[in-house]
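Here's the structure, in C-alpha cells; my notes come after.
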Amino acid sequence: MAESLIVAVAESLITKLASRVVEQASLALGVHQELQQMKKTMALVKAFLLDAEQKKQQNNALSEWLRQIRQVFAHAEDIVDNFECEVLRKHVVSSHGSFCRKVCRLFSTSNPVVYRYRMGREIKGIKKQLEKVATDGHMFGLQSSDKDTKVLHAREMTHSHVNVSNVVGREHDKQKIIELLLQDDHHDRSLSVISIVGFGGLGKTTLAKVVFNDTAIEECFTLKMWVCVSNDFELRNVLMKILNSAPNPTNEKFKNLDTDQLQIRLRSCLQREKFLLVLDDVWNEDRVKWDELKEIIEMVGNKGSKILVTTRSHSINAMMRTKSSNSYILKGLSEEDSMSLFVKSAFDDGEGKNHPELMEIGRQIVRKCGGIPLAVRTLGSSLFSRVDRKEWENIRDNEIWNLKQNENDILPALELSYDQLPSHLKRCFACFSLTSKDFDVSSSYVALLWEALGFLSAPKQNETTHDVANEYLRELWSRSFLTDFLDMGSTCRFKLHDLVRDLAVYVAKGEFQILYPHSTSISEHAQHLSFIENDMLGQDLVPIGARTIIFPMEATNDAFLNTLVSRCKYLRVLDLSYSEYESLPSCIGKLKHLRYLNLSGNKKLKGLPNSVCKLQNLQTLDLRGCIKLQKLPKGIRKLISLRRLLVTTRQPDFPDKEISKLASMETVELYSCDNLESLFQAIQPRSLKFLHLSGCGGLKSLSFHVITNLESLVIFKCSKMELSMGLSNLNSIPDSRLKLLVLQSLPQLVTLPQWLQGSVNTLHSLLLVDCNNLEELPEWLSTLNCLKLLIIEHCPKLISLPDTTHRLRNLEHLEINDCPELCKRCQPGVGLDWHKISHIKQVIIGEPEE
C-alpha cells in the first residue's frame, strides 16, 4: 500500500527542484540543465500518478509500476538533498572555517570539479530511469491530471471529553448499562463485572464515557476511576494506572513502588468506598493475570462496587465473569441513527436539507457502513464541504465495498476516507503506523518527525513548522481520524482509535515497519523502522536507504549503532531516546542528511563528540534527561539549521550567545540544569518562539525582553526565579505575543505577573498547576480577550474567581481540580461562583473535599 504515498513524494520533489537554494546550487555546480530536464520528466510522470492510484487495486502490474517509481523518486530525493547539504556546508566553511581549512577544501572530495562530475552522472541515471517508467506508464492507459482535487476543509474545533450531544442513537444502550451498574445484589459480596462487548468501531469507549459521566452514576459511586488497559495487563502496570486515576491528595509518585506496595496502596484507596472502575479496551486472555487483579480488589470496596469493562472479545468477557456479572452486547446503529450521524458529519447544521440528491446518495453509503459509528462518522467527515454529486457517487460505487471482509480487516469506509485525503496528508498519516496503541500523542513529536522527513509544506510568513503541523492535525481531526483532541493553541494532544492505527499500518506497509521480537525480516524497500526490543536484527539487514531509525528503550548494542551510523548515510531521523549508550560514534558527523537526533532520557551519556556540530542539516537536538552530560559540544554555532535545542546539562554557563546567533532557532527547552543561574542576559534571541524551563533550581532571573517574541512559555519547578521579570514598577506593560503560558510548581507565585497583560490579544491557553501559595487571580484576567483554555489544578489557597470572569466570552474550556474551596464555589448550579462560569462550553470541576 505504500505506493499510495507516491504523489506526495512527487509534489515535494518538484517543489524542491524549483526552490531557489537548489537552483543556485545547480548553477554554481554546472548541472542546472540536467536538473531542469529531470524536473520536466518527473512532472510528466506525476501527471499520471493520481489516475494510477485509483486503478491500482484492479491491476497488480500497475501496483508494481508504482513501486518502481517510488524507488526512483527516493533516489532522486537523496540527490536533491545532497545539493542542499552542499549549500549549507559552503555557508559554514565561509562563515566559520579557518584559512587553512578553506585551502584544504580544494583538495578534498568536495572539490567542485569532482562533485560536478559525480552529481551529473547520478542525475543522468535518474533521468534515464524516469524516462523508462514514463514510457511503461503509457501501457496502462492512464489519464493525465495535473493537480490533486482533494481539498482541505475546516470546521469548528471541540474539546477532548465526550460531548453527549455528539453521541447519536445510544440512549437506550446507556440506560441499560446504567441499570446494570446500579442494581445491587444484597446477598452476594463477590465483585460485579459489567462488560460492553462488540467489535472495533462500534463506540464501546464512547458509550462507557457517556455512562461514566452520567449524573446517576455520579450520585451512586463515591469513587470513580478510568483506566485504558489495551494490550498491557501486567499487574504492576495496571495497579499503577488505577492508582493514578484515583484521587491523590499527597501527589504520591507510584512509579518507584514495587507490586506489593502498590496493591497495599490500592486496597487502602478502595477501602470503605463504593467504587466504579472502568477497564477500557481489554485484550488480555490470560486468566491468571485477571485473577491476580481480582484477588486484590474483590472484597475491599463497599457493597455495590462495580467494574465496567469494554472489549472486542467474547472469550475475554467469559473469562472475567463472576457470580454477579453481566454482559451487554453492543450492536450497530439503526439506519436512521446512522443517517443522523452521517448528516452531522457531512454537513453544517441544517445544510443537508438543501442537498436532497446528496442526502439520498448519503443514505445509500450509510447502508454499506453496517451501522458502525466510526465508519459512518469518518466517511461523512471526508465528504464535508463537498457538493459535487460525482464525488459522492464514486464513494458509493467503489469496488472496495465488494471485497470479502474478515473480522480484523480494515473497514472499507476507513480506507475510502483515507483515499479522499489530499496526498500530502497521506504521507503524514502513514507516520502514525510507528506509534504505540492507546497512548496520548503529542503534536510536538509528530511535528518533529514530519518536519525532519520533509513532509510539511513551507511555513507562511510569521508561521513555524509547528503551526503547519498543527494545521495538518486539525484537518485529520476534522475528518475524524483523531480522537480526544485537545487544542492548546501552540500545541495539541490526541489519540488514535485502534482501527485508525491499523489503517495507518496497512497503508504504510513496505515503507514503514515496526520490528517486533518475532519479526524475521525487514521489507526490502523499508525507509522508516522502529525496533521494539533490544535484541535487534543483524545490522546488515537494515536497508542502506533507511530514513528513520527508532531504537528500543534501554538499547545497548554498540556494534549495531556503529554499523548503522556508518552504513545508513541517508538517515533523517535517529531516535535513541532512553537508550543506555555512554557515548556516540564520532562518525555520526557524516550523517549530513540528519534532521532529528533524539537522545532524551539517556542517563549514561556523558558527552557528545564535537563532530555532531558538522550536522549542518540538524533541526532538532534533544538531550532532555541526559543527567550525566557535562556540557554541550564545541562549535554549536555551526549547526546553522538548528531550530530546537532541548537540554539537561551540568554546565553553569549556557552558550546562549552562540545560540542567539542561530537564525533558525525557535525553541529552547532546559530541564534540570541546576547549575544555571541566568539566561539570555542582555541578549535578544529574536527568532525564539518557545521557551520551556523545567527544574532549573538555580535559575534566578529571566529578562522580559526574552518574552516579548515568545509564543509559548513554560516555567516549572524554578523556585528561585523572580517572576516579575523586572517589570513590577512599570506604568505601562510592553506588548508580547504569548499564546500559551504554563506556571507549575512555583511556590513564589501569589498572583499572576503583571507582564501577562501584554498578551491580552494573543493568549489562548493558561495553565496554573501546583502553585500552593497562589491566593488570587487579578480582575484584569477578564481582559484576556483570546483566552480559550484555562486549567487550575492543586492551588489550595485560591478560593474564588474574579467577579469579572463572566466577561471571558471566548473561554471554551475550564478545568478546576484539587482546589477545595474554589471547587466548592464553582459546583454547577449551586456554587457561589457558578454564575461567573456558566457561559463556558466545557466546565470540569473536581469534587470539593468533604
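Annotations
- Long-range neighbours under 6 Å by Cβ, at least six apart or interchain, first residue aromatic (F, W, Y) within the range 684-695, second open to solvent by less than 20 Å² (accessible area, probe 1.4 Å): F690/T667; F690/S712
- Number of the condition not met by N462 [criteria: (1) free of Cβ contacts under 8 Å to residues at least 40 places away in the same chain; (2) at negative phi]: (2)
- Any chance N402 is within 22 Å of Q619 (Cβ to Cβ) and either at pLDDT 85 or above or out of contact with any strand residue (DSSP E or B) (no Cβ under 9 Å at 6 or more places or on another chain) (or both): no
- Odd one out for L646 among (1) in the same structural domain as L605 (by the TED database); (2) under 24 Å from C786 (Cα atoms): (2)
- In the range 268-297, the residues that are within 12 Å of M225 (Cβ to Cβ) reach residues that are in a helix (DSSP H, G or I) and hydroxyl-bearing (S, T, Y) with C-beta atoms within less than 7 angstrom, at least six apart or across chains, in these pairs: D280/T205.
- Of the criteria (1) among the hydrophobic types (A, V, I, L, M, F, W, C); (2) open to solvent by 10 Å² or more (accessible area, probe 1.4 Å); (3) more than 21 Å from S800 (Cβ to Cβ), which one V750 fails: (3)
- Residue count for the range 619-643, restricted to those that are of a type in the set (D, E, K, R), out of contact with any Lys or Arg (no Cβ under 8 Å at 6 or more places or on another chain) and closer than 20 Å to H91 by Cα: 2.
- For the range 802-832, a residue qualifies if it is part of a strand (DSSP E or B) and either open to solvent by less than 20 Å² (accessible area, probe 1.4 Å) or farther than 16 Å from V769 by Cα (or both), and the qualifying residues are H813, L814, I816.
- Count - residues of the range 357-373 that are in contact with a Gly (Cβ under 7 Å, 6 or more places away or on another chain), crowded, with 22+ Cβ neighbours inside 10 Å and assigned to a helix (DSSP H, G or I): 1
- Looking only at the range 1-44, residues that are closer than 29 Å to N60 by Cβ and among the acidic types (D, E) come to 2 in all.
- Applying a threshold of 6 Å to beta carbon distances and a minimum spacing of six or more residues, or different chains, the list of pairs starting in the range 726-752 at a residue that is within 15 Å of L787 (Cα to Cα) and modelled with pLDDT of 90 or more and ending at one that is of a type in the set (V, I, T) and not in a loop (DSSP other than H, G, I, E, B) reads V742/V714.
- Residue in the range 176-197 that is open to solvent by less than 80 Å² (accessible area, probe 1.4 Å), of a type in the set (S, T, N, Q), outside the structural domain of R89 (by the TED database) and modelled with pLDDT of 85 or more present: yes
- Among the residues of the range 198-218, those that are crowded, with 17+ Cβ neighbours inside 10 Å and of a type in the set (G, A, S) comprise G198, G200, G201, G203, A208.
- Count - residues of the range 317-347 that are surrounded by fewer than 20 Cβ atoms within 10 Å (Cβ to Cβ) and part of a helix (DSSP H, G or I): 7
- Residue check, I799 part of a loop (DSSP other than H, G, I, E, B), of a type in the set (A, V, I, L, M) and under 29 Å from the mean Cα position of the chain (by Cα): no
- Yes/no for H794 being in contact (Cβ under 8 Å) with a residue 40 or more places away in the chain, open to solvent by 10 Å² or more (accessible area, probe 1.4 Å), under 22 Å from P848 (Cβ atoms) and in contact with a strand residue (DSSP E or B) (Cβ under 9 Å, 6 or more places away or on another chain): yes
- The sole residue among F254, F221 that is in contact with a helix residue (DSSP H, G or I) (Cβ under 7 Å, 6 or more places away or on another chain) and open to solvent by less than 50 Å² (accessible area, probe 1.4 Å) is F254.
- The criterion of being open to solvent by 20 Å² or more (accessible area, probe 1.4 Å) and out of contact with any His (no Cβ under 7 Å at 6 or more places or on another chain) does not hold for W755.
- All of A504, A508, A526 fail the test of being small (G, A, S), open to solvent by less than 10 Å² (accessible area, probe 1.4 Å), within 21 Å of P552 (Cα to Cα) and in contact with a strand residue (DSSP E or B) (Cβ under 6 Å, 6 or more places away or on another chain), apart from A526.
- Only listed residue being free of Cβ contacts under 8 Å to residues at least 24 places away in the same chain and open to solvent by less than 30 Å² (accessible area, probe 1.4 Å), chosen from P609, P655: P655
- Tally, over the range 317-355, of residues that are of a type in the set (D, E) and farther than 22 Å from I365 by Cβ: 0
- For the range 719-737, the criterion of a residue being under 19 Å from L699 (Cβ atoms) and within 30 Å of the chain's Cα centre (by Cα) is satisfied by no position.
- Just so you know, in the range 426-467 the residues that are part of a helix (DSSP H, G or I) and of a type in the set (V, I, T) include one that is farthest from L691 (Cα to Cα), and it is V446.
- Sole exception among (1) open to solvent by 30 Å² or more (accessible area, probe 1.4 Å); (2) under 26 Å from P802 (Cα atoms); (3) touching a Phe, Trp or Tyr at 6+ places or on another chain (Cβ under 9 Å); (4) not hydrophobic (A, V, I, L, M, F, W, C) for H692, by number: (2)
- Within the range 579-606, considering residues that are farther than 26 Å from A663 by Cβ and among the charged types (D, E, K, R), the one surrounded by the most Cβ atoms within 10 Å (Cβ to Cβ): E580
- Each residue in the range 230-241 was checked for being part of a helix (DSSP H, G or I) and either hydroxyl-bearing (S, T, Y) or without any contact (Cβ under 8 Å) to a residue 40 or more places away in the chain (or both), and 4 pass.
- Where a residue in the range 114-140 is open to solvent by 40 Å² or more (accessible area, probe 1.4 Å) and its partner, wherever it lies, is of a type in the set (V, I, T), with Cβ under 7 Å and at least six apart: R116/V31; E122/I79; K127/T41; Q129/V72; E131/T41
The values are calculated or read from the model by the stated rules, or taken from the named source; none is laboratory data. A quick note: this is a predicted structure, and the numbers were derived from the prediction, not measured. Quick reminder, even Gly has a Cβ in these numbers, built from the backbone with ideal geometry, and neighbours come from all protein chains shown. For the accessible areas, the whole protein counts, side chains as well, though only heavy atoms, and no ligand, DNA or RNA atoms are used. Shrake-Rupley method; radii C 1.70, N 1.55, O 1.52, S 1.80 Å.
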